[in-house]
Amino acid sequence: MTAHLPALIPVAPLVIALLTPILARLSVTLVRITALTALLISLASSAGALQHALVEGTWHYHFGGWAPPWGIEYVIDPLAGIIAVLVSFFCLLVLVYAAPYLAGKPAQEKGYFYTLYLLLAAGLLGMVVTGDVFNLYVFLEISSLAAYALIASGGSRATVAAYRYLLIGTAAASLYLLGIGYLYALTGSLNMADLAVLLPPLAATNAVALAVALITIGLGIKMALFPLHGWLPDAYSSAPAPVAGILAAVMAKVSAYAIYRILYFVFKTAAPVQVALDIAGWMAAAGILYGSIMAIAQRDLWRMLAYSSVAQMAYIILGLALGNIMGLYGALLQILSHAFTKGCLFLVAGSISHQTGIRDIPRLARLSRRMPWTLAAFVVAAMSMVGLPPTVGFFSKWYLMLGAVEAGAWVFVAVLVASSLLTAVYFFRVLEYAYLKEDQGQVEGQTREVKAAGGWELAPAMLVPVLILGLGILTLGIFSDQIISGYIHFALPWRMP
Amino acid sequence: MLALTAGYINFWLIAILLLVGFYGIIATENLLKKLMALNVISVAIILFYLNLGQKAGGTVPILPPGVEAGVTEAYANPLPHTLMLTAIVVGVATTGVGLAMLRKIYKRYGSLEEPVVLKEMRK
Amino acid sequence: MNADFFLVNRPLWAVLISLLAAGLILFNDRRPNLREGITVLAAVGKFAIIFSMLPQVLAGQVIETAPLTLAPGITLHLQADTFGLLFALLSSFLWILTSIYNFGYMRALKYGHETGYYASFAVCLSATIGIAFAANLLTFFLFYEILTIATYPLVIHSRTEEAIYGGRKYLAYTLTAGQFLLVAVIWSQVLAPGAEFQPGGFLAGKGSVLALQILFFLFVLGLGVKAAIMPLHDWLPTAMVAPTPVSALLHAVAVVKAGAFGFLRLSGYVFGPQLVREIGAGQVLAVVAGITIIVASLRALGEDNLKRRLAYSTIGQLSYVVLGAALATPMALLGGMFHIVAHAFMKITLFFCAGAIYVTTHKQNISEMKGIGRQMPATLAAFTLGAIAIVGTPFMVGFISKWNLGLGALQANEGIYIAVLIVSALLTTGYFFPIVFNAYFGSNKAGTPIREASPALLYPLLITGVIALVLGVFPNFGWDFYQLALAAVKSIFTAGMGMAAGG
């Protein structure tokens, strides 16, 4: 069994996803148990594979026994291992969180949700572990299709948002597919390791430049890099709470991971990569400011968080664009940090909306008294967003800034500073309403009845994931050295000393 | 220039098809037509891959019984074809999901014209 | 876990004890007596730990904890050196008095949600001790930011519109400053990787003059907000909406002194006195400090609200410390360091008095306080002591630091600052004399039965008032503050600089 750990990571949820429609006819509880088991298997396999990769070196798993470049290869290096653990951990956590949201929905709908959710998980995990650029496309489409359908399950408004996301997302995937078509035409291979060997002699050709451009734009759209972010605010803010949580926490991160993987591990030293990274870096800087300013202008908490995602995802690209060790540390730590932080924030926003129906920031007045623990997690996450010690957000920002100063990129330093302050402004506004403002009375009967949660401020299945993430933000911050030197350091591309 | 065009006439046509698709997505206001434009893009990319694998006078890469292997020049490259089988499946799935959403949108808003739908949403 | 482990890590325990207390306080929401007991215990414990380090540090030792690595070359590191211990001793001792004062004040005013208040207070003290014992810039920055955040709930404690506005302004100033400080810290890290605070500085020759000038400017922006140099001072008078114990300990001792302390660390241990003068940064900073001293004193004249007048007085007095750091001569640094101590005892006395008057009579404005000296003689006696000391009367504690600062200005050949000190002293007399005069000789129609503040309010302010007097005659009384400052200055000027130690 252990010999097939890498395959188990995406296959476990995939198989259960296919079985779920049948199981759903028998019992929803059974579906829930199998779904949790599948993701637990993924998490355990990811952890095992990561351990193996750290101790014994990169794990090359040949699917069906076919060696590359003929067969499809799964590659678990420390980088893939870290992201796989992250993704499966979040999928599991958010699945736990989803239970109270699903309660009261018809059994059939629950079945659909679990099927799509597992497909999404399988797609994301597949993208992470695969060592084949075409296989990555397939998993990208699996995860995207599942995501479109999950978003659309949030109602009519969500369907329109999901449909627009589908158009943009599919066009993005097509660009990516076209890009790897060029690579295939140039080298005759689709295996990442193989490409990395075959590409350097061809680095100066126009075809490689075009491939870099197409792939970067394609994945840039998927990770909502400014100015390709148009789909994100609508999609995130209209999705159901658990879906928004998983999208914000890991889906965009996986695309960011794919950009990093392809630019740094496949193209490596190609000259066009530097150009692409430079342009992406400036776009990221613009995106950080744009996202932060737009977030300030929002009245809807969810949309505020969505715009904040546009800004925070750009941090990752900024780190990649800096390209020195500190910059890459920062980028990779930001992947972890933003997953925990934004995941936590969206789960809190989802909980508030689930429990009280409130989404508008001004109506949060004095919510801290009703949901103290939930809002405590929100405070921690907000501090991490702003970049205050001892949260993990401070450390990712520390490395990014260190990288920027080292590279002499003073504009980026200024952008990071400005962004922290802008972030402080919009989170502070939320906290001021939640903690300090008196309730202005109910506005035209908008306040829904507060749901009973058995004496808890929130159903425990929702509260526990929120608190785990809140604690995780602090824990990751305090142990950021162990994470950097024990894990992230081994996820740097091999051209680094 | 002419030689460049003539030598790669199929790729030029594919490029035009691709651009038509992108134009369609951006320019039309009808949501269904946007989905059709997406299919045009997907067809263009499929043709692009198939062209990579094709060669003049190439035949199916199947070894008839009793014949020695080795004359690879005679065969068309099968890999792009198999890749595109996957891509077609993906395209069909996308279209399916898209159509399902369109039905839902039409039922709720009574139109597939984007401006009308957006106007309805604001109500 | 042997005794050695405990002894070596005393700086760490000193930081942690009040964090632990904060946790316990939060869990004892409904038991006010236990909650307050914990606060006092933690305060006494903290002071005991810090005081126990005094003999060793005076003997020239530096007590270091094991560095906690955050990343290659970036460590969280605490150490108790002479200067750090000075600040830590001061803050922890005053915390004991402030906690006692707190109970009297908070119970009398019945705000009703004190758990978070006491917890935040404890966290603030942890952060302050962390700042005092920080061995490198990163550690300093971490605690500096924690202090910023932990003070916020205290500022907005009354939850009025005014308090919320004050809190917002406070955060806007301090968070912005924190970002500049972050850039400066990171830049220093790039220029001198892994550098720790070092007597005499570590940045000499590490960058071009222009780069160092810009770096110094960033540090000034970062530290200047907490140290309230003009024009970065505006948050401080606004933050006076906080309950008086907060104004007393945090806005006269801990928070603002953290900024002033940072300036001395910067001048003595990061750039080094020589470099500060060489790149011309010290001269510029001295001018800013001089202007702040004069302008703040003038503004204080015009304030009728007692706490706001004290706030402007604080702004002026803090700039004495900054001036010391900027002049960067041996006597100036000595004066700056000792002024941290001197001003703390004087100003906390004055704030305690203002709070006691408010609790007892609900009067905040100076114009309403006519004849109050006859009503609350002991409180006003302490107030008068504080006021006389802060003016700089000989044989009072304020005189020692100002005398040294004056000598320092001469050492730097900038005698003009002696004029600044004298003008400031006159202005200070100008804004304190009317209060005292009115309190004793102003007419009060409503008759004046003696009605002193409650003991929990009265004893702390009497103690600090008396100490302000005693320290003026015996500056080494109790804590060897002067000795510590002297040793710190000596270490700065003997560290490879070949410059003769002053004094």
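What follows is calculated from the coordinates using simple rules that are stated; it is not laboratory data. These figures come from a predicted structure and were not determined experimentally. Cβ sites come from the backbone with ideal geometry, for glycine too, and all protein chains shown count toward neighbours.
Key figures
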quantity	calculated
CD proxy at 222 nm, helix term only [per DSSP H run n ≥ 4: -39500 (n - 2.57); per residue of chain C; nearest 500]	-24000 deg cm²/dmol
Where labels lie 7 Å past Cα in the beta-carbon direction, separation of A:Leu202 and A:Arg369 in nm	6.8
Candidate lysines - alpha carbon under 30 Å from C:Lys206, same-chain residues fewer than 8 apart omitted	A:Lys397, C:Lys226, C:Lys257, C:Lys490
Within chain A, longest stretch free of exposed GluC sites (Glu not before Pro) [DSSP loop, at most 12 other beta carbons within 10 Å]	A:1-437
Distance (nanometres) between label positions extended 7 Å along Cα→Cβ at B:Arg108 and A:Asp360	2.1
Shielding by partners, peptide A:177-186 (average Cβ within 10 angstrom, other chains)	4
Estimated FRET transfer efficiency when R0 is 51 angstrom, pair A:Ala271-C:Val287 (beta carbons, to 0.05)	0.50
Peptides B:95-105, A:170-180 ordered by average Cβ neighbours within 10 Å, highest first	A:170-180, B:95-105
Residues of type aspartates and glutamates that C:Lys169 reaches as a straight line, Cα spacing below 12 Å, ignoring anything fewer than 8 places off in the same chain	C:Asp234
Shielding by partners, peptide A:161-171 (average Cβ within 10 angstrom, other chains)	6
Residues A:Val15, C:Val321 arranged by fewest to most Cβ contacts within 10 Å	A:Val15, C:Val321
Set A:Lys253/A:Lys342; A:Lys110/B:Lys104; C:Lys307/C:Lys363; B:Lys34/B:Lys119 screened for pairs whose C-alpha atoms are more than 21 Å apart	none
Where a label projected 7 Å from the Cα of C:Phe433 along Cα→Cβ would reach, residues of the stretch C:347-380 with amide N under 11 Å	none
C-alpha long axis of helix C:397-411 to longest principal axis of chain C, angle in °	40
Crossing angle, helix C:114-133 versus chain C [Cα axis fit, 0-90 degrees, rounded to tens]	30
Inter-label distance, nm, simple model (7 Å from Cα along the C-beta direction), C:Glu161/C:Ser208	5.3
Burial ordering of A:Trp302, C:Trp479, C:Trp403, fewest other beta-carbon atoms within 10 Å first	C:Trp403, C:Trp479, A:Trp302
Segments A:123-130, C:231-238 sorted - mean Cβ within 10 Å per residue, highest first	A:123-130, C:231-238
Highest-first arrangement of C:194-203, C:158-167, where packing means the average Cβ count within 10 Å	C:194-203, C:158-167
Hz values of 3J(HN,Hα) by residue in the stretch C:422-439 - Karplus curve (6.51, -1.76, 1.60), Gly and Pro given as x	5, 4, 4, 4, 5, 5, 4, 4, x, 9, 9, 4, x, 5, 5, 4, 4, 4
Sites C:Asn33 and A:Ile279, calculated FRET efficiency, Cβ-Cβ separation with R0 60 Å, nearest 0.05	0.40
Bins of 20 Å, starting at 0 and running to the largest distance - Cα pair percent for chain C	25, 60, 15, 0
Shielding score for B:100-111, defined as the mean number of other chain Cβ atoms within 10 Å	4
Burial ordering of B:Lys55, B:Lys107, C:Lys257, C:Lys110, fewest other beta-carbon atoms within 10 Å first	C:Lys110, B:Lys107, B:Lys55, C:Lys257
Efficiency of FRET from Cβ geometry, A:His62 and A:Trp456, R₀ 41 Å, rounded to 0.05	0.25
Options A:Ala80, A:Ile33, A:Pro69, ranked by Cα towards positive dipole end of the stretch A:1-131, top entry (Cβ charges)	A:Ile33
Cα-based reach from A:Lys268 at 19 Å (exclusive), listing aspartates and glutamates while leaving out same-chain residues under 8 positions away	A:Asp77, A:Asp132, A:Asp194, A:Asp278
